[in-house]
1. Touching a helix residue (DSSP H, G or I) at 6+ places or on another chain (Cβ under 9 Å), surrounded by fewer than 21 Cβ atoms within 10 Å (Cβ to Cβ) and closer than 20 Å to Ser315 by Cα - does that describe any residue in the stretch 226-249?
2. I'd like to verify a number: residues in the stretch 161-203 that are within 16 Å of the chain's Cα centre (by Cα), polar (S, T, N, Q) and at pLDDT 95 or above, how many?
3. With the requirement that a residue be surrounded by fewer than 20 Cβ atoms within 10 Å (Cβ to Cβ) and modelled with pLDDT of 95 or more, what does the stretch 93-103 give you?
4. Among residues belonging to the stretch 283-297 that are farther than 11 Å from Glu256 by Cβ and touching a Ser or Thr at 6+ places or on another chain (Cβ under 8 Å), point out the one that is surrounded by the fewest Cβ atoms within 10 Å (Cβ to Cβ).
5. Return the total of residues in the stretch 317-334 being modelled with pLDDT of 70 or more and of a type in the set (Ser, Thr, Tyr).
6. Considering only residues of the stretch 298-334 that are closer than 24 Å to Arg264 by Cβ and touching a Ser or Thr at 6+ places or on another chain (Cβ under 6 Å), which is surrounded by the most Cβ atoms within 10 Å (Cβ to Cβ)?
7. Looking only at helices (runs of 4 or more DSSP H) that fall completely inside the stretch 221-282, which ones have 2 or more residues that are over 21 Å from Thr194 (Cβ atoms) and either touching a Ser or Thr at 6+ places or on another chain (Cβ under 8 Å) or not charged (D, E, K, R) (or both)?
8. Among the strands (runs of 3 or more DSSP E) lying completely within the stretch 80-130, list those that include at least 2 residues that are in contact (Cβ under 8 Å) with a residue 60 or more places away in the chain and not small (Gly, Ala, Ser).
Amino acid sequence: MNALTTRIVSSWLAALAFGSQTGAADLALPRDGWSSWRVDAVEGAPAWCCWNNWDNRAAPQKPCQLDGESHGYGSRDGLHTDAVRVYARFEGGKLNRLRVLAANCPVESTTPIAEITTTTDDSARWFIAQTASGKDPVSKDEVGEEALIALALHRGERAQAALTTMALSDARTEKRKRAVFWLSMLRGAAGADTTSSVMFNDKDREVRKHGAFAISQSKSSRAAPDLIRLGNTDKDGDVRGEAWFWLAQTGAPNSEEAIVAALRKDGDAQVREKAIHALAQLPEERATRALIKVAEDRTLSSEQRKRAVFWLAQSEEAGALAYLEKVLAVSVAK
């Protein structure tokens, strides 16, 4: 464990230890039916709700159907909230449904919703207890995944500490991966710091790869530098290749230079092939220019140049089509 990771773990474990003195929160929850409570949201929290029309940005919100399918809700660009509302449904004392929406999002349910009075910290403690179960929060466990999301949306150090500890030290691979993702998506600079630590220190390559994906989806200024560092230094070629792919997805200005450098110097043939594929993931016109340069660079192998042409052929960008027509014309002339 490096110095940065040690400092992060020590800081958040101390916060957890202080908060655990009172034990898990004992919310006054019903044995059956829906309950709801409001908590302060982390800075920049997306205003998740349901909308009448996703194509029309001016379309108003519509009530989310709590008893219906959970898909079909989300946030619109630039819309944030400083508070969220938790909706939890119980059956026989067991939590079997969970939704977290912007506090002002209208909802409808087929049964009454009991209002719970609690604090953001007590709510976070309750969710920490929910996420401590033995199940991995994977897609087949919708409640487990929603509990992680809900915790990530809670403002304050208690939620941050719990998520950081999960990401850095939980024994379950899937839980580490999901904690890293939501830290990166919802917890700002502190979340990006933890994601970076996971990218460079986790022993599981799948978790390091997931960290690369997670930080590429964040708004952190460290995303591109960290992905370049990962692509240049990770011991596993599969991880290095993923780093170049997600770097291109960020559209960072220096992506082409870093990826082409990897194409020239990485000793793993699969990484070099992934680097060419990564160039194709850049914004369309930039991808075309980069791939044409590779295709015309006679210092590269013929196989690498062919791969560049292959990815140009997958593009519908005007410059790519024009270049391919030129290549075909020369070939026919010969």
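1. Scanning the stretch 226-249, I find at least one residue that is touching a helix residue (DSSP H, G or I) at 6+ places or on another chain (Cβ under 9 Å), surrounded by fewer than 21 Cβ atoms within 10 Å (Cβ to Cβ) and closer than 20 Å to Ser315 by Cα, so the answer is yes.
2. Summing the residues that are within 16 Å of the chain's Cα centre (by Cα), polar (S, T, N, Q) and at pLDDT 95 or above in the stretch 161-203 gives 6.
3. Step one: list which residues in the stretch 93-103 are surrounded by fewer than 20 Cβ atoms within 10 Å (Cβ to Cβ), which gives 93-97, 103.
Selection gives Ala103 alone.
4. Within the stretch 283-297, the subset farther than 11 Å from Glu256 by Cβ is 284-285, 288, 292, 295-297.
With touching a Ser or Thr at 6+ places or on another chain (Cβ under 8 Å) added as a condition, the list becomes 284, 288.
Working: Glu284: 14, Thr288: 23.
Selected residue: Glu284.
5. 1
6. Residues of the stretch 298-334 that are closer than 24 Å to Arg264 by Cβ, as a first pass: 298-315, 319-320, 323, 327.
If we keep only those that are touching a Ser or Thr at 6+ places or on another chain (Cβ under 6 Å) as well, we get 319-320.
On the way: Gly319: 16, Ala320: 23.
Here the answer is Ala320.
7. Details: elements: 223-233, 237-250, 255-265, 269-279.
Output list reads 237-250, 255-265, 269-279.
8. Working: elements: 83-91, 94-102, 113-115.
Output list reads 83-91, 113-115.
The values are calculated or read from the model by the stated rules, or taken from the named source; none is laboratory data. Remember, it's a predicted structure, so these values are computed and weren't measured experimentally. Counting neighbours? That spans all protein chains shown, and the Cβs are built from the backbone with ideal geometry, glycine included.
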